[in-house]
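Shown next, in structure tokens, is the structure this report addresses.
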Amino acid sequence: MNKFWIVLSHTYFTRVKSKAFIITTLITLLVIFAAVNIQQIIDTFSSGEKDKIAVIDTTDQIFAPLKENAENIDDDLELVAVSSSESEVKEAVQDKEYEALVILSLNDEDLPEGTYYANNITNSGVQQVIEEQLQQLKVGIAIEHAGIDQEVIESIYDPVAFHAVALDKTAKTNEELNQARGIIYVMVILMYIVVIIYGTMIINAVATEKSSRVMELLISSAPPVTHMFAKIFGVALLGLTQIGILILAGYAMIALKKDELAGGMLETFGILNTPVSLIIYSIVFFLLGYILYATIAAMLGSLVSRSEDAQQLIMPLIFLIMIGYFIAIFGLAAPESTLVTVSSYIPFFSPMLMLLRIGMLDIPIWQVAISIGILIVTIVILALLGARVYRGGVLMYGKSNSLKDVKKAFQLSKKE
């Protein structure tokens, strides 16, 4: 047991003090900070000046409502009526006194139309705002010419009254469903990142030690199985440390700006109001999912002796997590489908899909227990299998990038 803790602590502290760990953590913290404060950052780099649009209104009736509507839609837009000639205003646009020139006129049917002049037409946002508001004015004038009551038109375009009522008293509310969707998105992304980053880290760590012949010294002082699980839990603690830092920092930033962010994505997904039970289930499934994939990664890492070969063996894990990802995305719209139900008991997918069903459906506790039980049994089986493969795999050198080498590793483990 002492050898286990020695290898674990060596793996953990060596990597937690590495430049890669520190730099990636700091960069991710900066990304989180930027995401939470994106509006303030945009305002900081913004000049604060409004986009002035010169308008020549040949109709003497369209400018006022267009200005009011457009400026209400876009606070950074300012429409200015000008009385100069068209050529003079175009020169002013070229001299950048104005962002653009809009000429308003009436067509043969007395309906408004416009022409937009600018040095370049890359600023499609301004064009779109003016075009949309001009379109609304055209519709209003057309309705007036046709003699149709405005109230009738408004009643036609009023949203239809449609209410979704669940007859099952235990069914989830819309708020609870949004909370589940938010936590599922976070879970899927975390699992994907963890498998790619830390799974690759485990494989490369074993391959690097083998390529430098350090492995021979390690297994002479500690059994291969002890070394494997110490490596898995060492990298697991490293990952949990990094993820924990990021989650706590992100939550603290969001909590401080809760009022400013209200009504946005956080309210839509209900991230700050997620039930404690769903958070606990998320932690349980996340840890079990990590251990499952980390065990496979350690087993695969023992088959290669070069870090270049390790990239090929991580692909099966990536494919598995991608399949789970796509099923989870599908399940967000159809959580009761047979595909989602069956897949939630498959250990490679259950960390995401059973959590999805827990959050979006009212499923009995025995189904959750069965899924967790299958996941734990699979981890134990893979750990025993991985221990055998690891025991023989760490003694294999040379080019090795095929899963057929598992058989060879088994044979070597029997000779010990």
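Brief remarks on what is shown
- Which of GLN61, VAL31, LEU79, positive extreme of dipole for the range 10-97 (C-beta unit charges): VAL31
- Cα extents of the range 51-157 along the three principal axes, largest first (Å): 47, 28, 20
- Cβ-Cβ FRET estimate between ALA146 and GLU86, R0 fixed at 41 Å, reported to 0.05: 0.80
- Long-range HN-HN contacts of ASP51 with modeled amide H, under 5 Å: LEU77, GLU78
- Qualifying trypsin sites (Lys or Arg not before Pro) for the range 9-43 [loop in DSSP, other Cβ within 10 Å: at most 13]: LYS17
- Protection proxy ranking, peptides 147-154, 343-350, 284-291, average beta carbon neighbours within 10 Å, highest first: 343-350, 284-291, 147-154
- Beta bridges per DSSP with both ends in the range 51-157, % antiparallel, nearest 5: 40
- Seen from ILE23, the other residues with C-beta closer than 15 Å to its C-beta sum to a net charge of +3, counting Lys and Arg as +1 and Asp and Glu as -1.
- Packing-based ranking, highest mean first, of 106-115, 189-198 given that Cβ atoms within 10 Å are counted: 189-198, 106-115
- Cross-link check: pairs LYS52/LYS90; LYS67/LYS138; LYS96/LYS138 evaluated at a Cα-Cα cut-off of 19 Å; pairs beyond the cut-off: LYS96/LYS138.
- Sites THR58 and VAL160, calculated FRET efficiency, Cβ-Cβ separation with R0 51 Å, nearest 0.05: 0.80
Where a number appears in this text, it was derived from the coordinates with a stated rule and is not lab data. Worth saying up front: this structure is predicted, and the values here are computed from it rather than measured. Note that we place each Cβ from the backbone using ideal geometry, even for glycine, and neighbour counts take in every protein chain shown.
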